[in-house]
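The values are calculated or read from the model by the stated rules, or taken from the named source; none is laboratory data. Note that this is a predicted model, so its numbers are computed, not measured. Counting neighbours? That spans all protein chains shown, and the Cβs are built from the backbone with ideal geometry, glycine included.
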Amino acid sequence: MHVRVLGSAAGGGYPQWNCNHPNSRRARAGEAGAKARTQSSIAVSADGQRWLLCNASPDLRQQINDNAVLQPAAAGPLRASPIQSVMLTNADVDHVTGLLTLRESQAFNLYATSRVQGVLAANSIFNVLNPAFVARHAISLDEAFRPLAADGSELGLTVTAFAVPGKVALWLEDAAKGVDIGAVTEDTVALEIRSTVSGEGFFYIPACARMTEELAARLRGAALVFFDGTLWVDDEMIRDGVGSKTGQRMGHLSVSGADGSMALLAGLAVKRKVFIHINTTNPILLEQSPERAAVAAAGWEVAYDGMALSL
Ligand code: MLT
Ligand code: MN
């Protein structure tokens, strides 16, 4: 099974368009050790030919241009794509707007929870995905399903979506009703993806507001986990003067500290741990930073665009 990181940054990307934080300035200047990153997505394939996209980022067009495996084959038909399926983990802007890039009458299967499918259905801009070509499937939590290629054949993968603590997408928040932070609902899911051929599997969790006993039990002994690396500390955006929200308020568990993801995953015997969905303020983006050294010392890798893994 092949896994390709298409976008390793959180919403906004790194550097974010309007961000003048020193991290962003360093990436914008092309400094070594401050690699720019596009927004949150990975691609998975059992055969290296036909791919399942996990989340569709606003940077999808660039990601396809940067990853030849996602481009039409040179000897193929005049219109074609190795992208056969798309699975969404939530309805955040950084995870759904790439669907608009996938218009132009190209067949694929679109999987998401009923909740997220409902959000898409309620937004007529997504009608650019012509139903004659794009089949939308509402998937059930905790039930493994086999994503299909555009021609209806199996991709050789099983996907199990399960709810993790999170919240409704930012753009769907209703201040009048209040926002249930850390709710375990169909709004935010994690994915366990396995190859039906090798049986190997991994977890993709780009957003998670807290660790639960159930989640820890699922992750114990896993071969590979991509985990929410949005912020280093909860008040990072406030401390650095770029925003007013904590990580918790945004539905993200921070990396550091006794109650951070490094500590909480430390005892779970996960073989390979990779932070993904990294915010522009997070010092782990800087390859020479003490924070990067700390995550490396704790056995974590920091995802970068184009990172290729095999299982
Ligand atoms: C998040 O991960 O917190 C969201 O992508 C934020 C956003 O929509 O900008
Ligand atoms: Mn996000």
Is there a residue in segment 103-121 that is within 16 Å of ligand 2 (Cβ to nearest atom) and closer than 18 Å to THR38 by Cβ? no
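I need a count of the residues in segment 16-65 that are buried (at least 16 other Cβ atoms within 10 Å of the Cβ), of a type outside the set (Val, Ile, Thr) and assigned to a helix (DSSP H, G or I).
If we filter segment 16-65 for residues that are buried (at least 16 other Cβ atoms within 10 Å of the Cβ), which is where we start, we get 16, 19, 21, 23-24, 26-27, 34-46, 50-60, 62-64.
Still in the list and also of a type outside the set (Val, Ile, Thr): 16, 19, 21, 23-24, 26-27, 34-37, 39-41, 43, 45-46, 50-60, 62-63.
From what is left, the residues that are assigned to a helix (DSSP H, G or I) are 23-24, 26-27, 60, 62-63.
Number satisfying all stated conditions: 7.
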Tally up the residues in segment 82-98 that are of a type outside the set (Val, Ile, Thr), over 21 Å from GLN49 (Cβ atoms) and either outside any helix (DSSP H, G or I) or more than 15 Å from ligand 2 (Cβ to nearest atom) (or both), please. 4
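Given the criteria closer than 28 Å to ARG194 by Cα, surrounded by 17 or more Cβ atoms within 10 Å (Cβ to Cβ) and among the β-branched types (Val, Ile, Thr), does ILE278 qualify? Working first, answer last.
Numbers: closer than 28 Å to ARG194 by Cα: yes; surrounded by 17 or more Cβ atoms within 10 Å (Cβ to Cβ): yes; among the β-branched types (Val, Ile, Thr): yes.
Spelling it out, ILE278 is indeed closer than 28 Å to ARG194 by Cα, surrounded by 17 or more Cβ atoms within 10 Å (Cβ to Cβ) and among the β-branched types (Val, Ile, Thr).
Let's see how each residue does on (1) without any contact (Cβ under 8 Å) to a residue 60 or more places away in the chain; (2) more than 16 Å from ligand 1 (Cβ to nearest atom):
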residue	(1), (2)
ARG239	yes, yes
VAL242	no, no
GLN248	no, no
SER256	yes, yes
LEU265	yes, yes
LEU268	yes, yes
PHE275	yes, no
PRO283	no, yes
LEU286	no, yes
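Restricting to segment 234-264, and then to whatever is aliphatic (A, V, I, L, M) and either outside any loop (DSSP other than H, G, I, E, B) or out of contact with any strand residue (DSSP E or B) (no Cβ under 7 Å at 6 or more places or on another chain) (or both), can you tell me which residue is nearest to ALA297 (Cα to Cα)? Step through it out loud before you land on a result.
Of the residues in segment 234-264, the ones aliphatic (A, V, I, L, M) are 237-238, 242, 250, 253, 255, 258, 262-264.
Imposing the further condition that a residue be either outside any loop (DSSP other than H, G, I, E, B) or out of contact with any strand residue (DSSP E or B) (no Cβ under 7 Å at 6 or more places or on another chain) (or both) reduces the set to 237-238, 242, 250, 258, 262-264.
Working: MET237: 25, ILE238: 27, VAL242: 29, MET250: 27, ALA258: 16, MET262: 10, ALA263: 12, LEU264: 15 Å.
The qualifying residue nearest to ALA297 (Cα to Cα) is MET262.
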Within segment 162-200, which residues are away from ligand 1 (no atom under 16 Å from the Cβ) and assigned to a loop (DSSP other than H, G, I, E, B)? ALA176, LYS177, GLY178, THR196, VAL197, SER198, GLY199, GLU200
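Looking only at residues that are part of a loop (DSSP other than H, G, I, E, B) and out of contact with any Ser or Thr (no Cβ under 9 Å at 6 or more places or on another chain) in segment 218-233, which one is farthest from ligand 2 (Cβ to nearest atom)? Even if it seems obvious, please write down each step before you answer.
So in segment 218-233, the residues part of a loop (DSSP other than H, G, I, E, B) come out as 220-224, 229-233.
Still in the running and out of contact with any Ser or Thr (no Cβ under 9 Å at 6 or more places or on another chain): 220-224.
Values: ARG220: 26, GLY221: 28, ALA222: 22, ALA223: 25, LEU224: 21 Å.
Here the answer is GLY221.
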Kindly provide the set of residues from segment 37-50 that are touching a helix residue (DSSP H, G or I) at 6+ places or on another chain (Cβ under 7 Å) and touching a residue at least 60 places away in the same chain (Cβ under 8 Å), ordered by number. THR38, SER40
Quick one: ILE284 ticks every box in (1) over 13 Å from GLY33 (Cα atoms); (2) among the β-branched types (Val, Ile, Thr); (3) in a helix (DSSP H, G or I) bar one, so which box is it? (1)
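Would you pick out the residues in segment 108-143 that are outside any strand (DSSP E or B) and surrounded by 15 or more Cβ atoms within 10 Å (Cβ to Cβ)? Spell out how you get there, then give the answer.
Initially, segment 108-143 is screened for residues outside any strand (DSSP E or B), giving 114-133, 140-143.
The answer is ARG115, VAL116, GLN117, VAL119, LEU120, PHE126, LEU129, LEU141.
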Number of positions in segment 281-297 that are of a type in the set (Gly, Ala, Ser) and crowded, with 16+ Cβ neighbours inside 10 Å: 2
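When you check LEU215 against the structure, is it under 20 Å from the mean Cα position of the chain (by Cα) and away from ligand 2 (no atom under 13 Å from the Cβ), yes or no? Outline the logic, then answer.
Details: under 20 Å from the mean Cα position of the chain (by Cα): yes; away from ligand 2 (no atom under 13 Å from the Cβ): yes.
Yes: the conditions hold for LEU215.
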For segment 272-303, name all the residues that are in contact with a strand residue (DSSP E or B) (Cβ under 7 Å, 6 or more places away or on another chain) and of a type in the set (A, V, I, L, M). VAL274, ILE276, ILE278, ILE284, LEU285, VAL295, VAL302, ALA303
Tell me whether segment 78-97 contains one or more residues that are exposed (fewer than 14 other Cβ atoms within 10 Å of the Cβ), touching a helix residue (DSSP H, G or I) at 6+ places or on another chain (Cβ under 9 Å) and over 25 Å from LEU157 (Cβ atoms). no
Filter result for the condition that a residue is over 18 Å from ARG37 (Cβ atoms), among the hydroxyl-bearing types (Ser, Thr, Tyr), modelled with pLDDT of 95 or more and buried (at least 22 other Cβ atoms within 10 Å of the Cβ), over SER254, SER310, SER244: SER254
Of all residues in segment 25-60, which are within 21 Å of the chain's Cα centre (by Cα), away from ligand 2 (no atom under 16 Å from the Cβ) and at positive phi? GLY48
